[in-house]
Amino acid sequence: MPPQEDRSRPEPDIYRGRFERCFDEHYVRIFAFAARRVSGRESAEDVVADTFAIAWRRRDRIPEEALPWLYAIAANVIANQYRSTHRRHNLDERLAGEASVAAPGIDPADSLGRRDELAAALARLEEVEREVLRLVAWEGLSTGDGARVVGCSPGAFRVRLHRARRKLAKELKTAGHRRCEGRRPPRPAEEGS
(Lines give C-alpha, C1' and ligand atoms only; values in the text may rest on other atoms or scores of the structure.)
Protein backbone atom coordinates (compact mmCIF):
# COMPACT_ATOMS: atom_id res chain seq x y z
CA MET A 1 0.00 0.00 0.00
CA PRO A 2 1.50 3.39 -1.02
CA PRO A 3 2.10 5.95 1.73
CA GLN A 4 -0.64 8.50 2.15
CA GLU A 5 0.11 12.16 1.69
CA ASP A 6 -0.02 14.37 4.74
CA ARG A 7 -2.91 16.66 3.84
CA SER A 8 -3.04 18.34 7.23
CA ARG A 9 -0.31 20.82 6.26
CA PRO A 10 -1.40 23.54 3.82
CA GLU A 11 0.53 24.14 0.64
CA PRO A 12 3.18 26.83 1.10
CA ASP A 13 2.23 30.16 -0.47
CA ILE A 14 5.04 30.70 -2.95
CA TYR A 15 3.73 34.16 -3.89
CA ARG A 16 3.52 35.58 -0.36
CA GLY A 17 7.09 36.90 -0.43
CA ARG A 18 6.46 38.62 -3.77
CA PHE A 19 3.42 40.36 -2.32
CA GLU A 20 5.24 41.38 0.87
CA ARG A 21 8.11 42.92 -1.15
CA CYS A 22 5.61 44.70 -3.36
CA PHE A 23 3.78 46.06 -0.31
CA ASP A 24 6.98 47.18 1.46
CA GLU A 25 8.40 48.84 -1.65
CA HIS A 26 5.29 50.60 -2.93
CA TYR A 27 2.94 51.33 -0.02
CA VAL A 28 4.10 54.94 0.40
CA ARG A 29 3.87 55.69 -3.33
CA ILE A 30 0.40 54.17 -3.65
CA PHE A 31 -0.73 56.17 -0.62
CA ALA A 32 0.63 59.38 -2.18
CA PHE A 33 -1.06 58.49 -5.49
CA ALA A 34 -4.39 58.03 -3.70
CA ALA A 35 -4.00 61.11 -1.48
CA ARG A 36 -3.57 63.32 -4.56
CA ARG A 37 -6.80 61.98 -6.07
CA VAL A 38 -9.26 61.68 -3.18
CA SER A 39 -10.19 64.02 -0.37
CA GLY A 40 -9.13 63.13 3.11
CA ARG A 41 -6.59 60.81 4.66
CA GLU A 42 -9.21 58.22 5.54
CA SER A 43 -10.38 57.96 1.93
CA ALA A 44 -6.79 57.60 0.73
CA GLU A 45 -6.18 54.86 3.30
CA ASP A 46 -9.31 53.06 2.07
CA VAL A 47 -8.03 53.21 -1.51
CA VAL A 48 -4.65 51.82 -0.45
CA ALA A 49 -6.26 49.04 1.59
CA ASP A 50 -8.50 48.04 -1.32
CA THR A 51 -5.59 48.23 -3.76
CA PHE A 52 -3.42 45.91 -1.72
CA ALA A 53 -6.34 43.59 -1.00
CA ILE A 54 -6.75 43.16 -4.75
CA ALA A 55 -3.00 42.73 -5.16
CA TRP A 56 -3.08 40.04 -2.46
CA ARG A 57 -5.83 38.14 -4.27
CA ARG A 58 -3.81 38.41 -7.49
CA ARG A 59 -0.39 37.90 -5.94
CA ASP A 60 0.38 35.15 -8.42
CA ARG A 61 0.17 37.78 -11.20
CA ILE A 62 2.28 40.54 -9.68
CA PRO A 63 4.63 41.66 -12.47
CA GLU A 64 8.33 42.46 -12.08
CA GLU A 65 7.54 46.16 -12.47
CA ALA A 66 4.72 46.20 -9.94
CA LEU A 67 4.28 49.93 -9.43
CA PRO A 68 2.42 50.70 -12.70
CA TRP A 69 0.25 47.65 -12.11
CA LEU A 70 -0.57 48.91 -8.60
CA TYR A 71 -1.30 52.40 -9.96
CA ALA A 72 -3.80 50.86 -12.40
CA ILE A 73 -5.49 48.95 -9.59
CA ALA A 74 -5.62 52.08 -7.40
CA ALA A 75 -7.06 54.12 -10.28
CA ASN A 76 -9.79 51.50 -10.73
CA VAL A 77 -10.53 51.50 -7.00
CA ILE A 78 -10.85 55.30 -7.06
CA ALA A 79 -13.09 55.13 -10.14
CA ASN A 80 -15.31 52.55 -8.44
CA GLN A 81 -15.56 54.73 -5.32
CA TYR A 82 -16.40 57.74 -7.47
CA ARG A 83 -19.13 55.84 -9.34
CA SER A 84 -20.59 54.57 -6.07
CA THR A 85 -20.54 58.05 -4.55
CA HIS A 86 -22.02 59.52 -7.74
CA ARG A 87 -24.85 56.94 -7.78
CA ARG A 88 -25.55 57.59 -4.09
CA HIS A 89 -25.61 61.35 -4.75
CA ASN A 90 -27.98 60.89 -7.70
CA LEU A 91 -30.23 58.72 -5.56
CA ASP A 92 -30.26 61.34 -2.80
CA GLU A 93 -31.17 64.04 -5.33
CA ARG A 94 -33.90 61.89 -6.85
CA LEU A 95 -35.36 61.10 -3.44
CA ALA A 96 -35.21 64.77 -2.45
CA GLY A 97 -36.93 65.70 -5.71
CA GLU A 98 -39.65 63.13 -5.17
CA ALA A 99 -40.17 64.36 -1.63
CA SER A 100 -40.46 67.99 -2.77
CA VAL A 101 -43.03 67.10 -5.44
CA ALA A 102 -45.41 65.54 -2.97
CA ALA A 103 -48.98 65.23 -4.12
CA PRO A 104 -51.28 68.05 -3.02
CA GLY A 105 -52.99 67.39 0.26
CA ILE A 106 -50.26 65.03 1.49
CA ASP A 107 -48.68 66.10 4.71
CA PRO A 108 -44.86 66.15 4.37
CA ALA A 109 -44.68 64.65 7.86
CA ASP A 110 -46.37 61.54 6.47
CA SER A 111 -43.59 61.04 3.92
CA LEU A 112 -41.01 61.48 6.68
CA GLY A 113 -42.88 58.93 8.72
CA ARG A 114 -42.86 56.46 5.82
CA ARG A 115 -39.13 57.04 5.34
CA ASP A 116 -38.55 56.42 9.04
CA GLU A 117 -40.67 53.25 8.83
CA LEU A 118 -38.59 52.05 5.87
CA ALA A 119 -35.33 52.75 7.72
CA ALA A 120 -36.63 50.93 10.81
CA ALA A 121 -37.84 47.97 8.73
CA LEU A 122 -34.46 47.74 7.00
CA ALA A 123 -32.71 47.85 10.36
CA ARG A 124 -34.72 44.83 11.49
CA LEU A 125 -33.40 42.74 8.58
CA GLU A 126 -30.21 40.72 8.75
CA GLU A 127 -27.13 42.42 7.29
CA VAL A 128 -26.96 39.93 4.38
CA GLU A 129 -30.58 40.74 3.53
CA ARG A 130 -29.93 44.49 3.64
CA GLU A 131 -26.84 44.03 1.46
CA VAL A 132 -28.64 42.24 -1.39
CA LEU A 133 -31.37 44.90 -1.32
CA ARG A 134 -28.79 47.72 -1.38
CA LEU A 135 -26.82 46.13 -4.22
CA VAL A 136 -29.91 45.97 -6.44
CA ALA A 137 -31.84 49.06 -5.31
CA TRP A 138 -29.09 51.53 -4.48
CA GLU A 139 -26.12 50.33 -6.50
CA GLY A 140 -28.24 49.35 -9.52
CA LEU A 141 -26.52 45.98 -9.98
CA SER A 142 -28.01 43.10 -11.90
CA THR A 143 -28.52 39.83 -10.08
CA GLY A 144 -25.46 38.42 -11.86
CA ASP A 145 -23.24 41.29 -10.72
CA GLY A 146 -24.74 41.22 -7.24
CA ALA A 147 -23.99 37.50 -7.06
CA ARG A 148 -20.33 38.19 -7.88
CA VAL A 149 -20.17 40.82 -5.14
CA VAL A 150 -21.51 38.53 -2.42
CA GLY A 151 -19.79 35.44 -3.80
CA CYS A 152 -22.67 33.18 -4.73
CA SER A 153 -24.38 31.92 -7.87
CA PRO A 154 -26.90 34.18 -9.67
CA GLY A 155 -29.67 31.72 -8.76
CA ALA A 156 -28.76 31.84 -5.09
CA PHE A 157 -28.62 35.64 -5.25
CA ARG A 158 -32.11 35.81 -6.80
CA VAL A 159 -33.43 33.60 -3.98
CA ARG A 160 -31.75 35.80 -1.35
CA LEU A 161 -33.15 38.92 -3.02
CA HIS A 162 -36.67 37.47 -3.19
CA ARG A 163 -36.56 36.47 0.48
CA ALA A 164 -35.16 39.85 1.52
CA ARG A 165 -37.87 41.71 -0.40
CA ARG A 166 -40.57 39.51 1.09
CA LYS A 167 -39.22 40.02 4.62
CA LEU A 168 -38.95 43.79 4.09
CA ALA A 169 -42.56 43.91 2.85
CA LYS A 170 -43.66 41.97 5.94
CA GLU A 171 -41.73 44.35 8.22
CA LEU A 172 -43.32 47.37 6.50
CA LYS A 173 -46.78 45.85 6.79
CA THR A 174 -46.19 45.21 10.50
CA ALA A 175 -45.00 48.80 10.92
CA GLY A 176 -48.14 50.06 9.16
CA HIS A 177 -50.34 48.09 11.54
CA ARG A 178 -48.45 49.48 14.53
CA ARG A 179 -48.88 53.03 13.21
CA CYS A 180 -52.63 52.56 12.71
CA GLU A 181 -53.07 51.05 16.18
CA GLY A 182 -51.21 54.00 17.72
CA ARG A 183 -53.67 56.57 16.33
CA ARG A 184 -56.66 57.48 18.39
CA PRO A 185 -59.91 58.34 16.66
CA PRO A 186 -60.74 62.06 16.74
CA ARG A 187 -63.14 63.29 19.38
CA PRO A 188 -66.38 64.75 18.11
CA ALA A 189 -65.27 68.30 19.06
CA GLU A 190 -62.06 67.88 16.99
CA GLU A 191 -63.78 66.67 13.82
CA GLY A 192 -65.02 70.06 12.68
CA SER A 193 -61.90 72.06 13.49
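The values are calculated or read from the model by the stated rules, or taken from the named source; none is laboratory data. As the structure is a prediction and not an experimental result, all values here were calculated from the model. Don't worry about glycine lacking a Cβ; one is built from the backbone with ideal geometry, like all the others, and counts go over all protein chains shown.
Table for the structure above
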{"read-out": "Scan of segment 54-76 for residues that are in a helix (DSSP H, G or I), touching a residue at least 40 places away in the same chain (Cβ under 8 Å) and not small (Gly, Ala, Ser), ordered by number", "value": "59, 60, 67, 70, 71"}
{"read-out": "Close pairs (6 angstrom Cβ cut-off, 6 or more residues apart or separate chains): free of Cβ contacts under 8 Å to residues at least 60 places away in the same chain in segment 26-53, of a type in the set (S, T, N, Q) anywhere", "value": "30/51"}
{"read-out": "Pairs where the first residue, in segment 126-147, is under 14 Å from residue 84 (Cα atoms) and assigned to a loop (DSSP other than H, G, I, E, B) and the second is at pLDDT below 85 and hydrophobic (A, V, I, L, M, F, W, C), C-beta under 7 Å, 6+ apart", "value": "138/91; 141/135; 141/149"}
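Residues checked against (1) more than 19 Å from the chain's Cα centre (by Cα); (2) farther than 30 Å from residue 15 by Cβ; (3) exposed (fewer than 11 other Cβ atoms within 10 Å of the Cβ):
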{"residue": "65", "(1), (2), (3)": "yes, no, yes"}
{"residue": "68", "(1), (2), (3)": "yes, no, yes"}
{"residue": "71", "(1), (2), (3)": "yes, no, no"}
{"residue": "75", "(1), (2), (3)": "yes, no, no"}
{"residue": "78", "(1), (2), (3)": "no, no, no"}
{"residue": "81", "(1), (2), (3)": "no, no, no"}
{"residue": "87", "(1), (2), (3)": "no, yes, no"}
{"residue": "90", "(1), (2), (3)": "no, yes, no"}
{"residue": "97", "(1), (2), (3)": "yes, yes, yes"}
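Yes/no per residue for (1) of a type in the set (Val, Ile, Thr); (2) modelled with pLDDT of 85 or more:
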residue: 115; (1), (2): no, no
residue: 126; (1), (2): no, yes
residue: 149; (1), (2): yes, no
residue: 154; (1), (2): no, yes
residue: 177; (1), (2): no, no
residue: 183; (1), (2): no, no
